[in-house]
Amino acid sequence: MPYIGPPTPPSDFGSTSRKQETEAAENVGPAMVFLPSYSTREELDNIIAVTKTGVALTGVAALGKVGTGIGAVDIAESDDSYAFRVALPGVARDEKDFTCDIDPDGKVTIKGVTTTGEKTVCKQNQVFKMLTQNLSPPGHFSISFKLPGPVNTEDFTGKFGTDGMLEGLVKKSVA
């Protein structure tokens, strides 16, 4: 996915207008947006509304640290449904710590806690200090993205597999 940095002031590129910058960003296609851990709900909603095909990451998912990526998203479409897959390696599958909500406009919000990336691990009555750390850091995260169109939230099925993949299928809304 391409990274589109902050807009450059028009004086740096001559007469580039805000409209031209917006059109250029829209032509790139899907984008991944990394947000600070304490982004407001309004900031997140505004970014998701504008990107249309973007993915917004917060918390430890947005730290950009080396490790297995949390939040890689695939989206598919059939005549009457949308399907999506989200990579969530090291994410707790506990129902009290994990949620996946879908809004009628197609916005999907996933919240959870990563359980990997700790500096010390206790296994079989032994304490291990990590020599390498390639997994995502521990902590809370959220991932939001928007499906291409409105959906019927009552007709959603999802499966969070032991392989760390969340798969969802939701019917399109009948207008």
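Taking Glu154, is it in a loop (DSSP other than H, G, I, E, B) and exposed (fewer than 14 other Cβ atoms within 10 Å of the Cβ)? Judged against the criteria, Glu154 is not a match. Asp79 meets the stated requirement of being of a type in the set (D, E, K, R) and outside any strand (DSSP E or B). Of all the residues in the range 75-111, those that are free of Cβ contacts under 8 Å to residues at least 12 places away in the same chain and within 14 Å of Ser142 (Cα to Cα) number 1.
Tell me, which residue of the range 90-106 that is buried (at least 17 other Cβ atoms within 10 Å of the Cβ) and out of contact with any Phe, Trp or Tyr (no Cβ under 6 Å at 6 or more places or on another chain) is farthest from Val174 (Cα to Cα)?
Going through the qualifying residues, I end up with Gly90.
Quick check, is Thr109 among the polar types (S, T, N, Q), touching a strand residue (DSSP E or B) at 6+ places or on another chain (Cβ under 7 Å) and loosely packed, with under 15 Cβ neighbours inside 10 Å? No: the conditions fail for Thr109.
Of everything in the range 112-151 that's part of a strand (DSSP E or B) and free of Cβ contacts under 8 Å to residues at least 24 places away in the same chain, which residue is least open to solvent (accessible area, probe 1.4 Å)?
Val121
Pairs are defined by a Cβ separation below 6 Å, a sequence spacing of at least 6 or placement on different chains, a first member in the range 161-175 that is assigned by the TED database to the domain that holds Ala76 and under 14 Å from Phe98 (Cα atoms), and a second member that is surrounded by 15 or more Cβ atoms within 10 Å (Cβ to Cβ) and among the aromatic types (Phe, Trp, Tyr); the pairs so defined are Leu166/Phe160.
The values are calculated or read from the model by the stated rules, or taken from the named source; none is laboratory data. No experiment lies behind these values; they were computed from the predicted model shown. Using ideal geometry, Cβ is built from the backbone for each residue, glycine included, and neighbour counts are taken over all protein chains shown. Each accessible area value is taken on the protein alone, full model and side chains, heavy atoms only, with ligands, DNA and RNA left out. Shrake-Rupley method; radii C 1.70, N 1.55, O 1.52, S 1.80 Å.
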